[in-house]
């Protein structure tokens, strides 16, 4: 079999069961959605940090097929967006219905049926988690190439970033930003009512899913929102770019773009909203399905986190009557290192030393030169040249972030928004113009550079750095 040049797509605190639900669902669903295979996928969990890898040849084929469909079918964009939203809403609805049952009273057989219904709905949704990678790698590049040829831009990378920023501000806000606006409205209502506790509770019920990136994650507490409201009362300023299509239309007219380029840009712009939307809906689905996962874990006598270290096949075998979900020694090996690989749709998993051996055989390590003081990335939002101290965070250390610092992360997700608000600039290892950090930075007017690849490995907490969002350079000053 031809060796795959695996490329990393994400790296964050993630559980194997989440990644497998996406990877296996995409392995079978992308061919149905786009008529091209996407059945190669690799996931590795190393000391609690999960990294997912894709086959670049298959991702390229996906991107080219999308371009082909956009050019040949005028209704493809609308139909695709509608189907994505329907699959998201269906997954949330099914998860909610299952999670609201009296699960302790259900038979093992009924529990198994509920789990299979959830997996089936997730598999139908999963292909849409892979599409943005193809868009980022293929369509974004084509749009950039076309814009660089434009007379107003004339191969000027700074002008390219400027116009791309104008074109990619969505006319719809993600729910992570709506939460900030709702918070402002809630504070205004405080002056008109004495039932503040009810207002805060409703806000909590509406947005507690923000931290549930993986099924084992705890939802945000009521106390978290009470503290956030107290902070907001001290600083009522909320700077958010309100959705508008006027800027998009003016920029399109100014650049005098051809129809095919406009079609590609409209698809990109649609995914500025949809990319965050589908992750938000997945967070909601995981919140609602948690009671089912907890009940299976209780019957298997394991913690929720340990349950999420298991494979789908192991869960199904347990629900079919196998006495033990997973052996204790196997759990220990998985916590050190766990890897699963899908090739041509065939799933295989490894743990401990075997996982390390397979990973070293499959993935080329990234070599980092010593003494690096300058990093190059992609400008997601221009804000001049910013100086400040570095704070490297992941989802477990968001609370450590201080106002006025430069946020450095592998990549961001919905629960990072409070820290992003406090930051003076954002720098990420991963991502492109459609990633979460890029989208939120444009909505909150935060200077942002994404795709540096090694920022979290080269920089340290407290480093004084210069973030040049004109040239896309991060420079260590001390």
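Contact order normalised by length for region 287-402, with contacts defined as Cα pairs under 8 Å and 6 or more residues apart; what percent is it?
Relative CO of region 287-402 lands at 11 percent.
Given points 7 Å out from each Cα along the Cα-Cβ axis, report the residue 110 to residue 317 separation in nanometres with one decimal.
With each label placed 7 Å out from Cα toward Cβ, I get 2.8 nm.
Hey, how many Å between the Cα centroid of region 352-429 and the Cα centroid of region 179-218?
28
Could you sort 344-355, 271-282, 306-317, 156-167 so that the peptide with the highest average Cβ count within 10 Å comes first and the rest follow in order?
The densest-packed peptide leads the list: 271-282, 306-317, 156-167, 344-355.
How would you rank 124, 75, going from fewest to most other Cβ atoms within 10 Å of each one's own Cβ?
Neighbour counts put them in this order, fewest first: 75, 124.
In whole Å, how far is the Cα centre of region 112-141 from that of region 444-478?
31
Please list 65-72, 213-220 highest first by mean number of surrounding beta-carbon atoms within 10 Å per residue.
213-220, 65-72
Report, in whole Å, the centroid distance computed from the Cα atoms of region 36-108 and region 296-349.
22
Sequence gap at least 6, Cα distance under 8 Å: using those rules, report the relative contact order of region 175-234 to the nearest whole percent.
Across region 175-234, relative contact order equals 31 percent.
Report relative contact order for the chain in percent, whole number only (criteria: Cα-Cα under 8 Å, sequence separation at least 6).
Rounded, it is 19 percent for the chain.
Quick check on packing: order 384-391, 50-57 by the mean number of other C-beta atoms within 10 Å, highest mean leading. Spell out each step's value before the answer.
Working: 384-391: 17.0, 50-57: 19.6.
Per-residue Cβ counts within 10 Å, averaged per peptide and sorted highest first, yield 50-57, 384-391.
Read-outs throughout are calculated quantities, based only on the coordinates presented, and are distinct from any laboratory measurement. Everything quoted here is computed from the prediction, not taken from an experiment. With ideal geometry, Cβ positions are generated from the backbone for all residues, glycine too; neighbour counts draw on all protein chains shown.
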